[in-house]
Amino acid sequence: MSRTNGPQFLRYIVPLINVLKEKGGSGTAREITDGVIEKLDISEEELSEKLKNGSSKIKNQIAWARMYLVKDDYIDSSRRGVWALTEKGLNSKFAAGDEKKLFSRVQSEYTKKTDDTKLDKVKSIEVTDTEPHETELLELLKTLHPTGFERLCQRLLREAGFEQVVVTGKTADGGIDGHGVLKVNPLVSFNVIFQCKRYKDAVSSPQIRDFRGAMSGRADKGIFITTGRFTEEAKKEARRDGSEPIELVDGESLVNMFEQFELGLNPVTTYEIDHKFFKEFAYKE
């Protein structure tokens, strides 16, 4: 993988813009981040590297790249979770060395506003799209007893609209932890089998194949829930043509579901000042 002179995150600038262009100019933080990882063919060894707070070092660097692109008006500073190119970003064409120039521009603009904080101290700062409670919640889920985690997943599936959700636990075979019914409408429903595992690392393709083998002929769909993540090969295996579909719920998706249903979380509203909005009112006409 080629490296760009300067901070490590600069190597993600161009791939990030290219993935956004391929997605039509916008996408969720997750799909764009996954797209960059796939485009650069980042190894599982690199993906397993963690920061002190337990979050992914690679995703942290991609988040840094996104932040600089926002500050240089290539990406819209829209609501959290959705990344979108501005007109400047859509029409951008980066040449060799342009990433370093972008870095210098943002540095220069930022240091005009403050002498106390400098963005060139990137090694001591962690920037992600992850809120503090999300990391804390994920770490909490990893500490639960296996039986308790299964019951919690049962509750979560019920909140998501599943009916007749049963945890089979130790009586299950082939790694199956439970089953339920997803009723789409009065005429359509799906039998679903699920597996829920507290993993710290990645779930690989053999584990997905084993799960599919266990559910074969017994359900219309499978759900694999983990506090960890899935390798790219595992994702491909879950989407393999001609096989029973398997939905993958990794740690990030799991936390998002807890947020969506406000399950075990108390919502708190906070505001961040948009200084650009007030800038036009700062001077007398």
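Coordinate-derived values only; no laboratory data. Fair warning: this is a prediction, and the values are worked out from it, not measured in the lab. Note that we place each Cβ from the backbone using ideal geometry, even for glycine, and neighbour counts take in every protein chain shown.
A few remarks follow.
- In Hz, Karplus ³J(HN,Hα) per residue of the range 21-34 (6.51, -1.76, 1.60; θ = phi - 60°; x = Gly, Pro): 5, 5, 8, x, x, 7, x, 5, 4, 5, 5, 6, 4, 4
- Compactness of the range 14-55, taken as the C-alpha radius of gyration over 2.2 N^0.38 Å, stands at 1.29.
- Within the shell defined by Cβ-Cβ distances under 15 Å, the residues around Asp241 carry a net charge of +4, with Lys and Arg each +1 and Asp and Glu each -1.
- Relative intensity, log₁₀ I(q)/I(0), of the range 227-269 from a Debye sum that treats every alpha carbon as a point, q = 0.27 Å⁻¹: -0.92
- Per residue, the chain reaches -12000 deg cm²/dmol at 222 nm when only DSSP H runs of four or more residues are counted, each adding -39500 (n - 2.57).
- Residues with amide H under 5 Å from that of Asp76, placed H, sequence gap 5 or more: Ala84, Leu85, Thr86
- Restricting the calculation to Cα atoms, the chain shows an Rg/Rh of 1.02 when the hydrodynamic-style radius is the Kirkwood one.
- With R₀ set to 35 Å, the beta-carbon distance separating Ser243 from Asp98 gives a calculated FRET efficiency near 0.20.
- Amide H partners (placed H, <5 Å) of Lys197, local residues excluded: Ile225, Thr226, Thr227
- Peptides 66-75, 262-271 ranked from most to least packed give 66-75, 262-271, packing being the mean of other C-beta atoms within 10 angstrom over each peptide's residues.
- Taking 0.36 nm per residue of separation and subtracting the current Cα-Cα distance, fully stretching the chain between Asp274 and Asp210 would add 18.0 nm.
- Extension reserve of the Lys183-Asn266 stretch, reckoned as 0.36 nm per residue once the Cα distance is removed: 27.0 nm
- Amide H contacts for Phe230 (H built 1.01 Å from N in the peptide plane; partners 5 or more residues away or on another chain; cut-off under 5 Å): Val203.
- Degrees, to the nearest 10: 205-215 long Cα axis against longest axis of the chain: 30 degrees
- Over the range 27-109 - Rg/Rh using Cα atoms and the Kirkwood inverse-distance radius: 0.98
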